[in-house]
Amino acid sequence: MTVSSHDLEEIFQYLFHRYKRIEYILFSNAISDKVYTPKRHYDVVFPDTPEALKQRISAKSRNTMSRKRKKAEAAWGQITMAEYENDAITEGVISDYFAMKAKTHHRDYQMTRDEYLSHYHVSNAYVLNF
């Protein structure tokens with residue numbers, strides 16, 4: 001019996017959806033020996049304003065964040081964040097990200113800016129400056 005890779009994909013999607021406790025599926029001697037693992041995609045919804053975000057956080061957490069921000073600013077100076085959207089994400093932002101990943105995770109993407117943005121479906125980049 002021939003089983004296409006599309007059919008295997010359908011099977012493992014069904015099994016992961018139906019049986020939540022499955023950690024991996026191993027197909028042996030099917031088309032190829034391959035281990036499938038579920039991939040989780042998260043949808044994080046942020047409020048429209050910083051004030052609405054602050055309402056979601058407890059007073060204790062707000063005070064802790066304020067204390068940590070002041071401590072960081074005392075150590076490194078003024079901290080700012082810049083947001084870049086779509087085509088505004090510059091080559092410099094991506095190359096800085098690649099350099100950081102190379103140092104922290106020993107990961108070399110070997111991609112251009114456009115290849116990376118397309119492959120990983122990047123629409124926004126946030127840069128913390130201090």
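Please treat every number below as a calculation from the coordinates, not as lab data. Quick caveat: nothing in here was measured; it's all calculated off a predicted structure. Methodologically, a virtual Cβ is constructed for each residue, glycine included, from the backbone with ideal geometry; neighbour enumeration extends over all protein chains shown.
Here are the numbers for the structure shown:
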| read-out | value |
| --- | --- |
| Label zone at TRP76 (point 7 Å along Cα-to-Cβ), backbone N below 17 Å, the range 104-130 | 104-105, 126-130 |
| Relative packing of peptides 76-87, 114-125 - highest average C-beta neighbours within 10 Å first | 114-125, 76-87 |
| Förster radius 30 Å - calculated FRET efficiency between ASP114 and ASP7, Cβ distance, rounded to 0.05 | 0.35 |
| Gain upon complete extension [ASN124, ASN63; 0.36 nm per residue less C-alpha separation] | 19.1 nm |
| Per-peptide average of other Cβ atoms within 10 Å, ordering 47-53, 93-99 highest first | 93-99, 47-53 |
